[in-house]
Structure formats: structure tokens, C-alpha cells
Amino acid sequence: MNRRLSTYGVGLAAVSVHLWLAIVARLGGPRVLWGDEKAYLSSAVAVLQGDPSWWPAPLWPPLYPRFLAGVLAVSGHNPVGITIVQTVLLFVVAAIFGDLVRRWTGARVAGISAFLMMAGFPPLAAFSRFLWPEVLHLVLVVAAVWVLAVRRESSLWLALAGVSLGLALLTKSILGPFLPVLLGAAFIGDRGPRRVLRLAVCVAAIAVVIGPVMGLQYRRVGVPVISDSSAFNLWVGLNDRGMKSFEDSFVAEAYKEYSASEGTFSDRNARAYRQSLALIRERGLGQVLKVQFRRQYVRLFDKDCYLTEQVPGGAAVAHGSGFVSLGPRVSAGIRSVSYGTYALLLLTAPLGFLVWPFAQRRWPRVLLLFFLYNLALFLVLHVKSRYRIQLLPVFFLGSSAAIAWFEAGLEGRISLRPVVGRVAMAGALSVGMLWLAF
């Protein structure tokens, strides 16, 4: 009975976060769309109108505008339908991720905690109301990881994982270079021809999903890709000036210059790469890396997120977007909740990874590799606080393991003395991330 009550209580807590966000939206009046949201919505409307130019630039993958178009078609063009669908998807991915964390940690309390974090962490829950692809991408990737971790003996399940990974690549391109690591982790240790067959099934399913899009791109721009913004984001990343995501931003003027430049898509990318390499040679690699280290991770881990930036005092409202009519007290409350929950996450996540004896270590290590892969990319690429959304499952896993460790310590099942050094190391990592954030 106590377990059932705790499960219901966690579910109610997650729902209450979304009700709180709904009240905020009601108090703030109609939210003015911000940045890429306008492009995604206009593309979705163009899809519904049958406009063949709905996918204007190959810098963005094509799935999210089509997803929005589908939801709008079903909801009668009511944007509330998008919020409902994305909220449901967020709870679905929370349930899947909670099951994974329970299996990986061997602790039920960790699984419940992971569900609550994924469904109710305010900076993430807010994305159910925004028109960015983060929630859709999360559910596609986490669902695929669940299959690879739990159902990889079944060819049918692996085909579904391949479809999910293919759709994830059509939503956001960040996963692409990491895909061999993900698939390698799923099948490493297997022996015999069945391993090759299962891997082939998954890869074939990915190819079936992304192949037509790559063929279309080849006919459009002469390059067989889904999308490619790496050259543009490298040039912007090397030239960003502000320490915060929207402070003294270089990206708007760079995009205008990039779009107006002559030549094909390949020509523009080649020109951006040449400019970036010339800049590195001019400044020197050591100086460039010094500047990037000092700026990029502050931008990535910044305490302000796409929720706090859209209340008065944030970057979006300064440009006439977001919750422009929200009162100062409510705005201050939103910031306090967002900053507080984020600080707790940064404080506990390293501890869980360093002190909890994971029942299954393979996949937690893969998540840590994904974290390091993102750090390597964003050392040079253009980065905003939104790009850490894909890293939140790593933090949620670590924080959930820390909660399980605290519970075990309170019940006397784990002694603190053998892991004092690890606790100290976790504290140092937490202080470092908190310093970057705050």
C-alpha cells in the first residue's frame, strides 16, 4: 500500500508542476512565440497548406514541422493540442526512463525519482508548451534505448528501435555521430551470427526511415544528408561574444550573411569552414581553446533556461516575446523554482554516479560518454542553454542514484565511510558545475 501511495504521490507531484505552468500561462496571457518557434510554426502551417517550400533550409531536420502540422490538423489548428500531446509524450518518456533507471540502479526509489524528474523538472516540463523539438526528440531516443537495453533479443523490437532512432535523427541531428557508440554498446559482448543479424535489422530500419529524406536532400541541394548545420554552427561558435545564450549574440547576423551568400548549400558550408579555419590560424589554436573553455560551458550550464528567459527580465521578453504580461512576483517565483531545482540537480547528479553500486553499468557509462561527447562538440559549436535538454537524462540518472543512496544510508544498508573520497570528488564536481551555472 505504501509503495502504491508513493507512486501516486509522485505522479500527482509531476502533474502539479504542469498545472502550475498552466496557471502561469493563464496569468501571463498569450505567449508570444520566440526565435525558431516562429519558423517551426510557419513551416507546419505551410505543410497543411500544401506549400512545397515548407522546408526552407537544410540546416534543420524536417520531422518537427510535420509533427506540429499533424497535431494542428487533428486539433483543428488549436495550439492547445500541441501542449496536450507534448505533455502526454513527456509523461510517456518519463515512464520509460523511470523503468530504465530502476533496472540500471536496481533501486525502485531511483526509478520513481527519475520518473518525477523527467515529467516534473520545471525547465523541461515547460517545453511541453514550447514549439521546439526537445520533447519529441527525448521520447524517440529514450524509447530506442529502452529497446536496445531491454528487448534487444527480439528482431521485431530492434526494428522498432531502428525506426525510433531514424525518427530521432529526423528531429535533431545531435545524435548522428554518437549512433555507432549507442549501437555498439547494445551489441558488445554478443557472439555469433545472431549479433550481426540483430544489428543489421536495427541499421536497416534506420536506413529505411532516413533514406528517403537523404535522397530528397540530394535532389534539393546536391548532398545526401538529413540536415547539416555543423559548418554554420562552428563559425558562430567561434565568434559568439556573450557569456549567456542571448547576450551580445552573433548568430542572427551570421545567419543573414550565410543565407545571403552566393553559391550552393555545399559552397556556403565550404566557405564557413574556410572562415573558421582561417580564424583559428589567425588567433592560434591555444588562444581559441582558452576563449572557448571560458565561454562555452558557462553558456551551456547557465542557470537561466528557456523558461526563465521568457518571463519579464529575460531575453525573450526584452525582444517582445514570451510571457510579456506576467507580473513581477510570479516572475520571481518562476525563477526561484527553476534555479532551485536546477541547483539541486547539479548538486546531486555527480554523487549518484560516484557512490551508487549500479546493478547494470553498461548503459550508465554510455550516458556519461554521451555527456562527454556533447561537451566536446560544444567546445567549438554554437551553444545555448536549450542544448543541455538532451543531457538532462544523464543528470536525472545520477540524481536518482543519489536519492537511492541517501535512502539506503538512512536505512543503514550502506556505510558512508568506504566512499568518503568519492563523496569529496562528487562535491568538487558539483561545485564546478554550480559555479558555471550561477
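The values are calculated or read from the model by the stated rules, or taken from the named source; none is laboratory data. None of these values were measured; they are calculated from a predicted model. Note that each Cβ is placed from the backbone with ideal geometry, even for glycine, and that neighbours are counted across all protein chains shown. Each accessible area value is taken on the protein alone, full model and side chains, heavy atoms only, with ligands, DNA and RNA left out. Shrake-Rupley method; radii C 1.70, N 1.55, O 1.52, S 1.80 Å.
Multiply the residue separation of Ala260 and Arg66 by 0.36 nm, subtract the distance between their alpha-carbon atoms, and state the gained length in nm to one decimal.
Difference between extended and current length: 67.2 nm.
In square nanometres and to one decimal, what's the mean projected area of the convex hull around the Cα atoms of segment 251-329?
Computing the convex hull of the Cα atoms and averaging its projections yields 7.5 nm².
Where q = 0.08, 0.14, 0.19, 0.21 Å⁻¹, what log10 of I(q)/I(0) comes from the Debye formula for segment 170-314, counting one point per Cα?
The Cα Debye sum returns log10 ratios of -0.36, -0.95, -1.18, -1.26.
Suppose a student asked you for the relative contact order of segment 1-95, using Cα pairs under 8 Å spaced at least 6 residues apart; what percent would you report?
After rounding, I find 16 percent.
Highest mean first, how do 334-340, 388-394, 217-223 rank when packing is the count of other Cβ atoms within 10 Å averaged over residues?
388-394, 334-340, 217-223
Give me the one-decimal nm value for the distance between modelled label points at Ala376 and Arg283, 7 Å along each residue's Cα-to-Cβ direction.
2.1 nm
Between Arg271 and Leu179, how many nm apart are label points set 7 Å from Cα along the C-beta direction?
Taking the two extended label points, one gets 3.0 nm.
Please compute the Kirkwood hydrodynamic radius over segment 140-211, one decimal place, Å, based on all pairs of different Cα atoms.
11.8 Å
Please calculate how many Å² of accessible area the chain carries per residue, with a 1.4 Å probe and no DNA, RNA or ligand atoms counted.
Accessible area per residue: 45 Å².
In whole Å and largest first, what semi-axes does the C-alpha gyration tensor of segment 298-409 yield when each eigenvalue is scaled by 5 and square-rooted?
Largest first, segment 298-409 gives 31, 19, 8 Å.
Quick one: pull the percentage of alpha-carbon pairs in the chain with a separation above 38 Å. The partial results should precede the final answer.
On the way: 21983 of 95703 pairs.
Across the chain, Cα pairs with separations above 38 Å total 23 percent.
Among 347-356, 201-210, 276-285, how do they line up from the highest to the lowest mean number of other beta-carbon atoms within 10 Å?
In decreasing order of mean packing, 347-356, 201-210, 276-285 become 347-356, 201-210, 276-285.
Hey, could you grab the Kirkwood Rh for segment 1-113? Inverse mean 1/r over distinct alpha carbon pairs, Å, one decimal.
That comes to 16.8 Å for segment 1-113.
Largest first, how would Glu134, Glu407 line up by accessible area (1.4 Å probe)?
From most exposed to least exposed: Glu407, Glu134.
Determine, from the Cβ-Cβ distance of Leu344 and Ala200 and an R0 of 41 Å, the FRET efficiency 1/(1 + (r/R0)^6), rounded to the nearest 0.05.
Given R0 = 41 Å and the Cβ-Cβ separation, E is 0.40.
Bin all alpha-carbon pair distances of segment 43-162 at 5 Å intervals from 0 and give each bin's fraction as a whole percent.
It works out to 2, 11, 16, 17, 17, 15, 11, 6, 3, 1, 0, in whole percents.
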